[in-house]
Amino acid sequence: MPYCPKCDMEFVEGITVCTDCGGPLYESEAAAKAAIAEERAKERARELVREKAMYEEYLKNMAADEETGEKTAGETDEAETSAGASAGGPDDDANDAAGGTDDGRGGASDGSSDDISSASDGAGKADDASNGDDVPTEEELRALEDEVRRRAQSILPPEPVHVYVDKSQKYDDLKSSAFAFLLVGGALLVVSVLCWAGIINIPMAPVSKLIFQGALTAMGIFSLVVFLRTARSAKKLAPQIAEEKARTRITIDWFTDQYAAEDIDNAIGDKDSLTEEELSLKRFQIIQDWLVTGQDLPDQAYVDALSEEIYTKLFENK
């Protein structure tokens with residue numbers, strides 16, 4: 001039956017346009033989903049090709065700028081040496097300098113034209129590559145993503161690393177913090193009570209003594225309030241520890257049941273040409289990708305922690 005993916009409605013045979021949104025109808029719901037998936041794959045390929053071309057042009061222009069800077073520095077040194085060794089008149093030197101300036105401007109203009117033309121060529125290549133009608137395969141998209149990632153890492157600063165802390169560790173940290181605030185708050189309140197009772201006599205002026213004892217009492221109360229809040233947070237976190245451990249165990253068991261070490265190595269096309277460090281990194285990236293796509297895990301730090309456990313279980317505990 002004709003189907004509109006935007007409105008999620010089916011129509012009787014013979015209708016070609018949606019009566020609600022006015023959009024075209026597909027032959028069936030399955031055909032609509034297939035067409036949408038195909039268009040998304042094409043768009044992803046176009047985006048990756050454009051990003052790759054952008055990084056390549058950036059690196060090319062950077063190299064051209066460095067080369068131009070070195071040539072300009074060399075020409076300046078030669079001009080200074082020639083001016084120092086020459087005994088000619090100032091008019092000749094001025095004329096030579098003016099001619100050199102004109103040449104430098106001409107060279108800079110030529111260099112700018114070359115950069116603009118090369119950027120235009122790169123953009124044209126990206127557009128040509130993205131206008132293809134063929135649907136890219138999963139392997140082609142993955143290869144493009146790896147290439148874009150390498151290009152981006154060469155010019156972008158590294159992203160901050162977020163280490164995942166499991167709920168059991170968080171619970172222990174909260175308990176330790178709560179105990180510390182309890183000790184501090186209790187000690188401050190005991191001392192303040194002794195001061196107010198006159199058992200501990202602080203040799204200070206009456207006004208200063210009153211301010212000091214009040215501040216001591218306030219700090220003790222504040223420490224106890226922090227203790228109560230921290231203890232409450234730890235109490236809420238305690239039931240989640242078992243759930244997280246169970247989820248981690250189920251996810252790792254799912255991955256090891258679905259994939260073996262050989263499956264990961266077979267997904268690496270150029271395995272023989274990689275060093276041991278590069279091979280380990282490639283395996284780790286594949287484990288991350290399969291975890292994200294298979295389990296839809298949004299927390300990247302949690303994915304990294306799971307990947308480390310899976311990598312150790314598959315490759316280091318053989």
Pro203 fails exactly one of (1) assigned to a helix (DSSP H, G or I); (2) free of Cβ contacts under 8 Å to residues at least 60 places away in the same chain, namely (1)
Can you spot a residue in region 181-194 that is within 30 Å of Leu297 (Cβ to Cβ) and in the same structural domain as Pro298 (by TED's automatic domain parsing)? no
Considering only residues of region 140-176 that are within 19 Å of the chain's Cα centre (by Cα) and over 30 Å from Ala63 (Cα atoms), which is modelled with the lowest pLDDT? His162
Enumerate the pairs (first residue in region 24-48 and under 29 Å from Glu147 (Cβ atoms); second residue anywhere and outside any strand (DSSP E or B) and not β-branched (Val, Ile, Thr)) with beta-carbon separation below 6 Å, excluding pairs fewer than 6 apart on the same chain, so at least 6 apart or on different chains. Ala41/Pro136; Ala45/Pro136; Arg46/Ser130; Leu48/Leu144
So, in region 216-247, exactly how many residues are basic (Lys, Arg) and within 17 Å of Asp173 (Cα to Cα)? 4
Considering only region 26-53, state which residues are assigned to a loop (DSSP other than H, G, I, E, B) and in contact with an Asp or Glu (Cβ under 9 Å, 6 or more places away or on another chain). Ser28
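The values are calculated or read from the model by the stated rules, or taken from the named source; none is laboratory data. The structure displayed is predicted, hence computed values, not measured ones. Virtual Cβ from ideal backbone geometry, glycine too; neighbours counted across all protein chains shown.
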